[in-house]
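Here is the structure we will look at.
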Amino acid sequence: MSQDGRTARCPLCGRRTTWEDNRYRPFCSERCRLADLDGWLSGRYIVAEDPEASAPSPADPDPTDEQPDPELREKT
């Protein structure tokens, strides 16, 4: 956005557009807004997964260490 806050660049095409009274902001037009939406819906855009968020913490028990319930054990 410019320093005076009146214009911004469209994140899709880069064209300068007014910020105030722009019903498509941050895009410059309905075409750019819909093209961006199509990118999300078609899977061209993804949000990267945080590898640390999916890694088990040391406090999480290891499911392979679980002992079978004696009541559910198969009788021999």
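Given the structure, is residue 66 more than 25 Å from the chain's Cα centre (by Cα) and modelled with pLDDT of 85 or more?
no
Step by step: first the residues of the stretch 7-23, then only those that are touching a strand residue (DSSP E or B) at 6+ places or on another chain (Cβ under 8 Å) and part of a loop (DSSP other than H, G, I, E, B), then the one that is surrounded by the most Cβ atoms within 10 Å (Cβ to Cβ). Which residue is that?
So, considering only residues that are touching a strand residue (DSSP E or B) at 6+ places or on another chain (Cβ under 8 Å) and part of a loop (DSSP other than H, G, I, E, B), the one surrounded by the most Cβ atoms within 10 Å (Cβ to Cβ) is 10.
Name the residues in the stretch 31-50 that are of a type in the set (A, V, I, L, M) and assigned to a loop (DSSP other than H, G, I, E, B), would you?
Scanning the stretch 31-50 gives 46, 47, 48.
Residue-wise test of (1) closer than 30 Å to residue 7 by Cβ; (2) of a type outside the set (Lys, Arg); (3) at pLDDT below 90.
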{"residue": "27", "(1), (2), (3)": "yes, yes, no"}
{"residue": "47", "(1), (2), (3)": "yes, yes, yes"}
{"residue": "56", "(1), (2), (3)": "no, yes, yes"}
{"residue": "61", "(1), (2), (3)": "no, yes, yes"}
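The values are calculated or read from the model by the stated rules, or taken from the named source; none is laboratory data. These numbers come from a predicted model, not from an experiment. Note that we place each Cβ from the backbone using ideal geometry, even for glycine, and neighbour counts take in every protein chain shown.
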